[in-house]
Amino acid sequence: MATFEDLYKIRRAIAERRQHTFIEEYEQLHEFLLSLEKAEPYDLGFETKLKFNALNFFVANSFGRQADVPALDPYIYRICSIRDVVKSTDWRKDEGTDAANWMRVYDKTKGDWTPLSKFARGSYCCRPRCFSWWTSYPLFEDVIDGAHRIGMTNDWVAVQSVVLRCPVEYVKENKLASVPTVIDAFMQLIFHPTKDSISPRYGITIDLSLYPNTLSPGLDEVVLPKLGVDMLEILPINADQDYRAGKNQVFSDSEVLSGLLESYYQHL
Amino acid sequence: MKYDPQDPILEETAPSTNAHSFMELALRPSVQAWKRKLYGLLAGESSEALSKLGIEQYIRVLLAESKDRSAQYCFSEAVAEVVQEWNSTVLESADRLSRILSLVAGFTPAVGFSKVLTHLERSENVKRSQERVSDEYDRVDLYKRGMLALAQYYPSPPFHSYDDLGFAAYRSLLERNLEDERYSGYAAVRLLELKVLNFKSKQFAALLLTEDKAATSVFQALLELAEEPREVPSVERRFGDMLVTCARADNIQRFERLAQMNRATFDPQGDYQVFFPTLRLSDGTVLEIRLDIDDIKDTPLHEFVKYTTIKVKELLRQETLNEDKIGRYVSGYIDEKINQREAMRDLFDALKALDANMRSSKNKFFVTVKRNNFPIEIKLRVKGEIQEELMKWILTRPALVIQFPFPVASAAA
């Protein structure tokens, strides 16, 4: 059975092979991780993640080359919890619980895409590093299925979820998207490092849809820096027990998943 | 892979999991396992899922992913026990306190209310308003978080609020916080939501005129409420109450400044079409401020209220009649000008010119307007002392009779 530590070892080797240009920074992150007496970076609490801000290069938004978002849809999307949006923006009215904040969004949006500026001011800045992951796949159609396609497990999808969307045109015009790198994904258990040598136009997710049989390369993904709330729209989705019923269950702490990831990474 | 706890094949082949793992608890919940998990969470257990979701969503996802029907029961029992075992009079670390408050706010176990209330009452002298907690980037106001937890128990006033000791204690806590600039805004809005504080009360007037934070928060809360179309008339009336309070204190500037602070523009005369004070919001929306003319008679606001037959005509000419406005405006006109012969004659002439008239029935007064050949009656509010005088006017002015067009039976029938 592969442990997170094993997976991290493999990731380091892949990083060296596929994204050699970042290896110096990657090593610095590794040394810093060891100095915190941690053997792997996939189960860190928020406080520990924050400590990495001591490394100046890590605080900067992203490291990848500029991405060319596929224009399959006029928007790119992101799944997150209502809490993530409340904490990452200047939220107008915190009702005190995720459920109540989500309910307020749901009441006001009536289940339709609504400008985020109706609920928040300023920018959307995901802490600790102030960038976020996006895909052109319409995640809102089914957040559990969508999550699997972008390499998110069930236990990372909030019940009180929201999908955010941002116009592709705006992203392109302002050259906001970057190809995700091993540095961006240093703390991500599930990540497909693209090959530097082919100058990829965008990153690739690892598709968990076929779990527990296999994992496969998934969809496009890019990272975006801090975004003004004026450019974002929000759609609340209640991914409760009924919503999840009958759907594939993939948990991040599953040994089967670790085994599949080990095998996937070994073939990269 | 779906887990069916009663499927022996799956049971045999299911991957072995760590007894404390997310997956294990989702698949095989028990009160003890949940309790162990909750204590682990309070002690600062970390995982990627927890880091992504926070304690409340982490638990909700666990419950949603659990196929075992007893999961919710096991969790409810466990959370009640864990909160019961919390001694809320002991000084806790910011981290632990923050997590307990999230747990109570998110899942409202019965015992949670009194625990949090006790905690807040005990900490009134030293409110923990700027604490660093490990799972959040910005500093956290734990006292406010406690108040937010209590609010979950009383989203609206209880039916028998005077018999509810918990509510009484909650209300006193909020009232005490009206004195604290850091929390007065939140407390004022909550007390208004709970219908404890009345917009027309002296207590509210004092807050409005002297407490910047409370007044701004209330103003802001009303603007937010006005985003819901069904709430607009009520919000407009409440703005009217606030404006009257400011006007009575000879401080209309106060209302104007509150509007500015909320990126709105106060116009005491209002739009010519609207004729009552208005509030233009930053997004261009215009709210009317509804107030009773009687309430502003002796205030500086009265200078802005002007009655003319031009406006009467304008209102009556509109394709869709705004009965509320017409009723209020014509009533105000009569009230102010009943002793001015010329002005009253002008009013009746204006009505006549528009095929409208005024009539009385059983001490009630109406303006009748014709639309699509049907008479529409708009009720007026005429004070007792001027009713007789108005009756004289009605009786001495030959009114047009607007007939109701009864259907005529056809010859074929």
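Restrict the check to the range A:216-229 and report whether at least one residue is over 22 Å from A:A2 (Cα atoms) and among the acidic types (D, E). Yes, the range A:216-229 contains at least one residue that is over 22 Å from A:A2 (Cα atoms) and among the acidic types (D, E).
Which residue is surrounded by the most Cβ atoms within 10 Å (Cβ to Cβ), if the candidates are limited to the range B:374-413 and must be modelled with pLDDT of 80 or more and polar (S, T, N, Q)?
B:Q387
Note on the range A:242-268: residues that are at the interface with chain B (Cβ under 7 Å from one of its Cβ atoms), over 16 Å from A:S216 (Cα atoms) and not in a loop (DSSP other than H, G, I, E, B) total 2. Being at pLDDT 95 or above and away from chain A (no Cβ under 14 Å) is not true of B:L178.
Listed by position, the strands (runs of 3 or more DSSP E) enclosed by the range A:61-174 that each have at least 2 residues that are aliphatic (A, V, I, L, M) are A:75-81, A:160-167.
Among the candidates B:S134, B:S172, B:S129, the residue that is out of contact with any strand residue (DSSP E or B) (no Cβ under 8 Å at 6 or more places or on another chain), part of a helix (DSSP H, G or I) and of a type in the set (S, T, N, Q) is uniquely B:S172. If only residues of the range B:46-70 that are at the interface with chain A (Cβ under 10 Å from one of its Cβ atoms), closer than 16 Å to A:F251 by Cβ and in a loop (DSSP other than H, G, I, E, B) are counted, the one that is modelled with the highest pLDDT is B:S66. Being assigned to a helix (DSSP H, G or I), under 15 Å from the mean Cα position of the chain (by Cα) and among the basic types (K, R), is that true of even one residue in the range B:197-205? No; the residues of the range B:197-205 include none that is assigned to a helix (DSSP H, G or I), under 15 Å from the mean Cα position of the chain (by Cα) and among the basic types (K, R).
When B:D283, B:D250 are checked against the criterion of being in contact (Cβ under 8 Å) with a residue 40 or more places away in the chain, of a type in the set (D, E) and either outside any helix (DSSP H, G or I) or more than 21 Å from B:L347 (Cβ to Cβ) (or both), B:D250 stands alone in meeting it. The test for being more than 14 Å from chain A (Cβ to nearest Cβ), in a helix (DSSP H, G or I) and crowded, with 19+ Cβ neighbours inside 10 Å holds for B:L258.
Within the range B:89-109, not a single residue is part of a loop (DSSP other than H, G, I, E, B), away from every other protein chain (no Cβ under 14 Å), under 24 Å from B:L41 (Cβ atoms) and in contact with a strand residue (DSSP E or B) (Cβ under 9 Å, 6 or more places away or on another chain).
I'm checking my understanding of the structure. Among residues of the range B:13-42 that are at pLDDT 80 or above and within 12 Å of another protein chain (Cβ to nearest Cβ), which one is farthest from A:G151 (Cα to Cα)? Only one residue tops the list, namely B:L41. Pairs linking a residue in the range A:145-167 that is away from chain B (no Cβ under 14 Å) to a residue that is among the hydrophobic types (A, V, I, L, M, F, W, C) and in a loop (DSSP other than H, G, I, E, B), with Cβ atoms under 6 Å and 6 or more positions apart or on different chains, are A:L164/A:L232; A:C166/A:L232.
The values are calculated or read from the model by the stated rules, or taken from the named source; none is laboratory data. None of these values were measured; they are calculated from a predicted model. Cβ sites come from the backbone with ideal geometry, for glycine too, and all protein chains shown count toward neighbours.
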